[in-house]
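K.L.:
Submitted below is the structure of interest, expressed as structure tokens.
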Amino acid sequence: MKFMLCSRLIAVLALSLCCVVAGFAADGKPAGNPFLQTVRVAPNLEPAIPHPEQDAEVRAKLERIKAKTGRAPNILILLVDDMGYGDPGAFGGGAAIGAPTPNIDALASGGLKLTSTYAQPTCTPTRAAINTGRLPTRSGLTRPILTGENPKVNPWADEATAAGLLSEAGYRTGMAGKWHLGEAIGTQPHQVGYDEYFGILSVVSEMSQVIDGHLYPEIVNKAERLAKVKQIASTLVTRGLRGQPTEVVKKMASIDDLSRMDQMFADWSDGFIRRSAKDKKPFYLVHAFSKVHNDNYPAPGYAGKSPAGLPYKDAVVEVDDIVGRLISTLKETGQLENTLVFFTSDNGANEDTWPDTGFQPFRGGKGTTWEGGVRVPGIAYWPGTIKAGRTSDGLFDLTDLFNTSLALASAQEKIAPTRYIDGVNQTGFLLGDNGESARQAVFMYSENNLMAMRWQEFKIHMRVFNTAETRQNIDASTIAVTGMSPWVFNLYADPKEQRSSGHRYFEWGFPVVLSMMGAHVATFAQFSRKDIGLSVAR
Ligand code: CA
């Protein structure tokens with residue numbers, strides 16, 4: 001009996017890896033498996049679950065708003081860096097872990113709390129995914145760009161950003177805060193689609209390593225080495241307008257400078273929103289916090305402001321205050337009812353930097369494809385349009401922000417057929433009073449490795465991260481290929497992914513998930529991956 005089961009599993013895996021698409025009709029609709037619900041409308045677009053009734057409801061809603069406001073809706077994406085799923089009070093943290101988040105919680109209770117929002121495991125890949133709607137393994141932005149590193153190929157030369165397409169559609173597009181998607185000329189925000197940019201091209205830890213001698217004595221206390229690292233580390237706050245050269249706003253030269261960065265970004269976004277309101281122009285603004293990525297230094301007035309009194313927790317309180325401030329600006333300028341606000345984080349909390357880190361009730365952390373690395377808080381907020389108090393465990397991948405933003409601007413036709421788009425339009429899910437997700441599965445990668453997928457409440461791992469030391473997900477981990485049975489966890493029964501029960505309880509599910517995985521892998525045959533030089537020789 002055992003042998004028979006194993007043989008069947010081998011057959012299923014072999015089938016999935018070789019020719020699973022053979023079971024699909026030309027329109028991408030599955031032939032035969034009752035669990036497969038998606039429809040593929042174009043070769044380069046991710047199949048989505050059709051929900052015609054909620055789409056009609058949402059179209060009517062949007063037409064009513066447009067008739068009232070006379071213009072397309074604004075989009076404000078609030079992207080925190082390295083915030084754990086469990087940090088906001090609405091997601092189980094807040095006061096219980098020494099850092100209340102009343103403003104973020106108010107977005108959740110006043111809108112839609114998404115309990116299954118997925119990012120990529122690290123910073124650069126998630127930012128690439130949000131901007132392009134594509135998994136990083138397609139764009140080549142598969143891991144963080146490091147100090148002094150420039151990809152050999154400009155990844156943006158043949159990518160289209162949501163900002164660029166929305167700008168063509170009449171939007172004012174802005175990028176505030178942390179970019180981390182290229183520092184070279186031709187790769188900066190105002191050179192790849194944004195009308196306006198104000199922020200940092202790198203990451204705060206690239207700056208603190210040449211400033212903070214307590215944390216980085218190997219650099220700061222060695223004059224010769226310090227001079228060299230300073231030559232390659234990007235320590236500037238810069239700004240730029242489309243078509244114009246990048247300007248230096250300020251060189252970050254002290255811990256005090258670093259502590260104030262997020263307030264500078266907040267000031268700029270506040271002004272951007274006010275200008276857009278005054279000019280009656282719809283806007284798309286990505287406000288990307290520098291905090292709560294290590295190293296956190298409390299801004300003036302924030303040291304000890306959290307009950308925990310730890311720098312990380314003070315940073316959470318500051319981020320929450322800035323969220324409240326920007327929402328107030330929308331309200332003051334009369335735009336709150338014409339703006340989709342989406343709050344999220346770019347990856348899970350970074351356990352390697354404990355105690356300068358957040359919290360998640362899952363296994364693993366930043367850098368891994370365990371839930372702790374990729375499952376992030378997600379909130380969609382739009383008073384009057386998104387029904388208050390909704391919660392959904394429907395799947396949302398941050399690539400979906402690309403398609404959803406374009407759909408809100410009625411600009412989906414601007415998506416070129418030449419690039420594969422992994423995002424799906426989730427306007428129906430977010431805006432429908434009882435909206436359901438259009439996404440059937442989330443595929444999870446580490447660099448170019450397809451690691452795992454989420455389907456319904458199940459997580460299926462083809463490869464897993466093994467961590468040699470507690471809280472050392474990035475610095476002491478290995479990747480292993482799973483054995484005969486992929487590892488499967490029921491996330492409702494086992495959210496910490498502690499006991500795989502695939503061959504025991506999920507045999508019925510293997511054919512469907514392996515089919516989906518096979519169809520996903522088959523897209524690379526027609527739409528090739530890009531290598532921009534971030535691959536690591538191992
Ligand atoms: Ca990050």
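K.L.:
In this structure, is SER446 out of contact with any Asp or Glu (no Cβ under 7 Å at 6 or more places or on another chain), outside the structural domain of PRO383 (by TED's automatic domain parsing) and on the phi < 0 side of the Ramachandran plot? Break it down stepwise before answering.
P.N.:
Working: out of contact with any Asp or Glu (no Cβ under 7 Å at 6 or more places or on another chain): yes; outside the structural domain of PRO383 (by TED's automatic domain parsing): yes; on the phi < 0 side of the Ramachandran plot: yes.
So SER446 fits the description; yes.
K.L.:
Of the residues that sit in the range 278-311 and are in contact with a Phe, Trp or Tyr (Cβ under 9 Å, 6 or more places away or on another chain) and of a type in the set (Ser, Thr, Tyr), which one is surrounded by the most Cβ atoms within 10 Å (Cβ to Cβ)?
P.N.:
Checking each candidate, the answer is TYR284.
K.L.:
Still on this structure: Is the range 101-118 home to any residue that is of a type outside the set (Asp, Glu), crowded, with 19+ Cβ neighbours inside 10 Å and within 16 Å of the ligand (Cβ to nearest atom)?
P.N.:
yes
K.L.:
Considering only residues of the range 119-128 that are more than 13 Å from PHE396 (Cα to Cα) and either in a helix (DSSP H, G or I) or of a type in the set (A, V, I, L, M, F, W, C) (or both), which is farthest from the ligand (Cβ to nearest atom)? Please lay out each step first, then the result.
P.N.:
First pass over the range 119-128, keeping only residues more than 13 Å from PHE396 (Cα to Cα): 121-128.
After this cut, where a residue has to be either in a helix (DSSP H, G or I) or of a type in the set (A, V, I, L, M, F, W, C) (or both) as well, the list is 123-128.
Values: CYS123: 3, THR124: 8, PRO125: 9, THR126: 7, ARG127: 8, ALA128: 12 Å.
If we take residues in the range 119-128 being more than 13 Å from PHE396 (Cα to Cα) and either in a helix (DSSP H, G or I) or of a type in the set (A, V, I, L, M, F, W, C) (or both), then ALA128 is farthest from the ligand (Cβ to nearest atom).
K.L.:
Give the residue, chosen from GLY358, GLY364, GLY348, GLY373, that is over 20 Å from ALA96 (Cα atoms), within 16 Å of the ligand (Cβ to nearest atom), within 21 Å of the chain's Cα centre (by Cα) and part of a loop (DSSP other than H, G, I, E, B). If you could, list the steps in order and put the result at the bottom.
P.N.:
Details: GLY358 fails: over 20 Å from ALA96 (Cα atoms); GLY348 fails: over 20 Å from ALA96 (Cα atoms); GLY373 fails: part of a loop (DSSP other than H, G, I, E, B).
None of the other options fit; the residue is GLY364.
K.L.:
Considering each residue of the range 448-489, count those that are among the hydroxyl-bearing types (Ser, Thr, Tyr) and either in a strand (DSSP E or B) or surrounded by 22 or more Cβ atoms within 10 Å (Cβ to Cβ) (or both), and give that number.
P.N.:
To start, the set of residues in the range 448-489 that are among the hydroxyl-bearing types (Ser, Thr, Tyr) comprises 467, 470, 477-478, 482, 485.
The next check asks that each one be either in a strand (DSSP E or B) or surrounded by 22 or more Cβ atoms within 10 Å (Cβ to Cβ) (or both); those that pass are 467, 477-478.
Selection size over the range 448-489: 3.
K.L.:
Only one residue in ILE145, ILE211 is modelled with pLDDT under 95 and either out of contact with any Lys or Arg (no Cβ under 9 Å at 6 or more places or on another chain) or open to solvent by less than 10 Å² (accessible area, probe 1.4 Å) (or both). Which one? Quick ask: steps written out before the conclusion?
P.N.:
Details: ILE211 fails: modelled with pLDDT under 95.
Selected residue: ILE145, the only one of ILE145, ILE211 that is modelled with pLDDT under 95 and either out of contact with any Lys or Arg (no Cβ under 9 Å at 6 or more places or on another chain) or open to solvent by less than 10 Å² (accessible area, probe 1.4 Å) (or both).
K.L.:
Turning to a different aspect of this structure: Considering (1) within 15 Å of the ligand (Cβ to nearest atom); (2) surrounded by 24 or more Cβ atoms within 10 Å (Cβ to Cβ), say which one LEU401 fails and leave the rest.
P.N.:
It fails just one condition, (1).
K.L.:
Could you go through the range 378-397 and let me know if any residue there is open to solvent by less than 10 Å² (accessible area, probe 1.4 Å), within 18 Å of TYR85 (Cα to Cα) and within 13 Å of the ligand (Cβ to nearest atom).
P.N.:
no
K.L.:
Could you please let me know if GLU206 is among the acidic types (Asp, Glu), open to solvent by 20 Å² or more (accessible area, probe 1.4 Å), assigned to a helix (DSSP H, G or I) and farther than 18 Å from VAL319 by Cβ?
P.N.:
Numbers: among the acidic types (Asp, Glu): yes; open to solvent by 20 Å² or more (accessible area, probe 1.4 Å): no; assigned to a helix (DSSP H, G or I): yes; farther than 18 Å from VAL319 by Cβ: yes.
Considered against the rule, which asks whether it is among the acidic types (Asp, Glu), open to solvent by 20 Å² or more (accessible area, probe 1.4 Å), assigned to a helix (DSSP H, G or I) and farther than 18 Å from VAL319 by Cβ, GLU206 comes out as no.
K.L.:
Output the number of residues of the range 61-85 satisfying the condition of being part of a loop (DSSP other than H, G, I, E, B) and within 16 Å of the ligand (Cβ to nearest atom).
P.N.:
5
K.L.:
Sort out which residues of the range 263-314 are of a type in the set (Ser, Thr, Tyr) and not in a loop (DSSP other than H, G, I, E, B), and write them in order of number. Spell out how you get there, then give the answer.
P.N.:
So in the range 263-314, the residues of a type in the set (Ser, Thr, Tyr) come out as 269, 276, 284, 290, 297, 302, 306, 312.
Listed by number, the residues that qualify are SER269, SER276, TYR284, TYR312.
K.L.:
While we're on this one: Among ASN350, ASN338, which is the only one that is in contact with a strand residue (DSSP E or B) (Cβ under 9 Å, 6 or more places away or on another chain) and outside the structural domain of ASN449 (by TED's automatic domain parsing)? Can you show your working first?
P.N.:
Values: ASN350 fails: in contact with a strand residue (DSSP E or B) (Cβ under 9 Å, 6 or more places away or on another chain).
Every option except ASN338 fails the conditions.
K.L.:
Can you confirm whether GLU507 is more than 26 Å from THR142 (Cβ to Cβ) and open to solvent by 50 Å² or more (accessible area, probe 1.4 Å)? Walk me through it before giving the result.
P.N.:
Working: more than 26 Å from THR142 (Cβ to Cβ): yes; open to solvent by 50 Å² or more (accessible area, probe 1.4 Å): yes.
Yes.
The values are calculated or read from the model by the stated rules, or taken from the named source; none is laboratory data. Model, not experiment: these values are computed from the prediction. So basically every Cβ, Gly included, is an ideal-geometry build from the backbone, and we count neighbours across all protein chains shown. Please note that ligands, DNA and RNA were not included when accessible areas were found on the heavy atoms of the full protein model with its side chains. Shrake-Rupley method; radii C 1.70, N 1.55, O 1.52, S 1.80 Å.
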